[in-house]
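See below for the structure under consideration.
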Amino acid sequence: MNYEFGLYVFMLSAFLGFELIRKVSPLLHTPLMSLTNAISAISVVGAIMISGEKDVPNLSRILGFIAIVSATTNLVSGYMITDRMLKMFKKREPAAK
Amino acid sequence: MSVFQFLYILAAAGFILALKWMSSPATARRGVLAGEAGMLLAVVGTLMRAEIFNYEWIAVGIVLGAIIGAPIAIFMPMTGVPQRTAISQACGALASALIGTAEYYKLHPHGFIMGALIVETLLGFVTVTASIMAWGKLQEVLPGRPVTYKGQFFINMAVLAAAIGTGIFLILNPEQAQFYPVFVILALTFGVFLILPIGGADMPTVIALLNSYAGLSACAMGFALDNKLLIIAGALDGSSGLILSIIMCKAMNRSFSNVLFGGFGQVQAAVHGTETRPVRSATPEEAAQILEMASTVVIIPGYGMAVAQAQHKIRELADALTKKGVDVKFAIHPVAGRMPGHMNVLLAEADVSYDKLIEMDDINPEMPNTDVVLVVGANDIVNPAAETDPTSPIAGMPILDAYKARTVMVIKRSMGVGFAGIDNDLYYRPNTLMLFGDAKAFTTSLVKELAAA
């Protein structure tokens, strides 16, 4: 019953996700979306598994390769632009009186 | 327990910390670092797995992806962030869909795994075309207005039902591989149809929803590959996208189905638009004088500010007024712009201190005591019809109460209607002054007038 365990993991992570995201200030909703978008590039793990296995049919290998390229594009641009955006959020100290 | 499993657990912790630290601007960059570390651990852990034999293709793929991805992140202007998110989502979803397809042709799995594969590829392929369509609308390669036709809802539902039906058939008969391409085409078609009726103003909801789909697709992949890390990361992303789209829907007082199938703004645009009620307008000189006399000014930015790239000039204006002792704040509506939080990013880019960016619920009580509200490229989010006219398409939508301020000034190109295609009563009020012109050009002249005064 390994799937049952998987479903528990899913349920707990979904609730955790709800609780964590609810606390994010609307100020940061755009970087938040970029970040979760980058995290969804976790599919690169599956892409590596498909491309790296022994004796994979050619079709699967090609699909796996395309998947690695597009998941990495998603991952790299996602993390980099999130950081670029967050760097801009600054609090300017009020001028000394 | 092998080493890679241990690294996967650390990676999951990294993703959770990433979201936790995103809660405040002070810790958010640490959050990105945690997310990056998590991803690195996930990739390294996967490469260490005993099943992996061929490293060449993987290395080439990762390098190629980085070469494509990095310039996008470095050179994309901040106004293009919604487009980048859409295209990045298309990439992630494509990866997920193709992995599912590869698994299917390799194994022809049965039972639960096949079910998970179908969910993964359905969500994946729908998100690919839907995200590309959303990109097209945001980039204005495609018309931003909703494309609607008679019976659209039923056609969309029929395509979706056919896709799900084929999917279920495949789950029951995984060997019938000739039906798999049919399933893929139906899913891709539904993605296109899904976005056709959606207008520019609804993009924040849709982008968030597609974000959720991409996450859930990765999550289903986790079930198919029996990989807990994928389940966790996918579920975090899925719930994040879902909660954001719910927030966006609430901010427009609309339901999901209304956003997805509403074809918002089609009918109303035809009815109004020819109205010729009198309005009062002002020159930059007059407007600058009024701003200077004020003690409190609230600036309300909208998508028009992004289009005109006026955020830097707006910040100069705010600085000039602050120097003259005026208290300047920015009021941010949750759905202003084309993605959640779009205005905050643009103003942060222009170096506006983030403690001046005030959320709707916090600024509205201050509106009656505000001397001047300056609306820049926003329309529906300040339309009092949402509160006063129950027949309006935006009735019940929470708005920024600009009309309660002593004076309202609206920078606008012309008297054209907004993205929802609804006439705005605010423009005809006695305390409203229209400042006709391009947002950037007009703000520039305001700054000049203030400097001269």
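The numbers here are math on the coordinates, done by the rules we state, and not lab data. Small disclaimer: the values here were computed from a predicted structure and weren't measured. Note that we place each Cβ from the backbone using ideal geometry, even for glycine, and neighbour counts take in every protein chain shown.
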If one builds a Gaussian network model of chain A from Cα atoms under 10 Å apart, the most fluctuating residue listed among A:60, A:13, A:77 is A:13
Rg/Rh of segment B:83-264 (Cα atoms, Kirkwood Rh), to two decimals, equals 0.98
In chain B, taking the dipole from +1 charges on Lys and Arg beta carbons and -1 charges on Asp and Glu beta carbons about the Cα centre, the listed residue (B:257, B:42, B:198) farthest towards the positive end is B:198
Quick note on B:149, B:8, ordering by fewest other C-beta atoms within 10 Å, gives B:149, B:8
Full extension between residue B:157 and residue B:323 adds, at 0.36 nm per residue less the Cα distance, a length in nm of 54.0 nm
Beyond 30 Å (Cα-Cα) in this structure, taken from B:329/B:412; A:54/B:228; A:91/B:137; A:23/B:440; B:250/B:448, we find A:91/B:137; A:23/B:440; B:250/B:448
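How much length, in nm to one decimal, is gained on full extension between residue B:436 and residue B:283, taken as 0.36 nm per residue of separation minus their Cα-Cα distance?
54.3 nm
Using helices alone, what [θ] at 222 nm do you get for the protein assembly as shown, with -39,500 (n - 2.57) per DSSP H run of 4 or more residues, divided over all residues and rounded to the nearest 500?
Mean residue ellipticity, 222 nm, calculated: -20500 deg cm²/dmol.
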The distance between the Cα centres of segment B:141-205 and segment B:225-248, in whole Å, is 22
With +1 at each Lys and Arg Cβ and -1 at each Asp and Glu Cβ, the charge dipole magnitude of the protein assembly as shown around its Cα centre, to the nearest 20 debye, comes out at 600
One would report the Cα pair-distance distribution of segment B:1-75, bin width 5 Å, in %, as 3, 16, 16, 18, 20, 15, 8, 3, 1
Calc'd 3J(HN,Hα), segment A:58-63, phi into Karplus 6.51 cos²θ - 1.76 cosθ + 1.60 (θ = phi - 60°), Hz, glycine/Pro = x, comes to 4, 4, 5, 5, 5, 4
Simple spin-label estimate for residue B:54/residue B:67, 7 Å along Cα→Cβ, in nm, reads 1.9
Placing each pseudo-label 7 Å from Cα in the direction of the beta carbon, residue B:173 and residue B:351 end up separated by a distance in nanometres of 6.7
Ranked output for segments B:339-351, B:187-199, B:156-168 by mean other Cβ atoms within 10 Å, highest leading, reads B:339-351, B:187-199, B:156-168
Scoring chain B by relative contact order with C-alpha pairs under 8 Å, at least six apart, yields a percentage of 14
Given a Förster distance of 25 Å, the FRET efficiency implied by the Cβ-Cβ spacing of residue B:47 and residue B:226, rounded to the nearest 0.05, works out to 0.85
Karplus-derived 3J(HN,Hα) from phi for segment B:429-445 (6.51 cos²θ - 1.76 cosθ + 1.60, θ = phi - 60°), whole Hz, x at Gly and Pro, runs 6, x, 9, 9, 10, 8, 10, 7, x, 5, 4, 6, 4, 5, 5, 4, 5
For segment B:88-94, in residue order, the Karplus 3J(HN,Hα) values (coefficients 6.51, -1.76, 1.60; θ = phi - 60°; whole Hz; Gly and Pro = x) are 5, 5, 4, 4, x, 5, 4
Stretched fully, the stretch from residue B:256 through residue B:389 gains (0.36 nm per residue minus C-alpha distance, one decimal, in nm) 45.6 nm
Inter-part gap, Cα centre of segment B:22-101 to Cα centre of segment B:287-349, in whole angstrom, is 34
With +1 on the Cβ of every Lys and Arg and -1 on the Cβ of every Asp and Glu, the dipole magnitude of chain B about its Cα centre, in debye rounded to the nearest 20, is 220
At the level of C-alpha centres, the distance separating segment A:1-69 and segment B:1-20, in angstrom, is 13
Here the alpha-carbon Rg of the protein assembly as shown over 2.2 N^0.38 Å rounds to 1.02
Chain A -> Rg/Rh from Cα coords, Kirkwood Rh, value 1.17
Between the modelled labels at residue B:40 and residue A:90 (7 Å from Cα along Cα→Cβ) the distance in nm is 2.6
Across the alpha-carbon set of chain B, Rg over Rh with Rh taken as the Kirkwood radius works out to 1.03
Neighbours of residue B:221 by Cβ distance under 13 Å: Lys/Arg at +1, Asp/Glu at -1, summed charge -3
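What FRET efficiency do you get for residue B:10 and residue A:4 if R0 is 22 Å and r is their Cβ-Cβ distance, rounded to the nearest 0.05?
My answer for the efficiency is 0.35.
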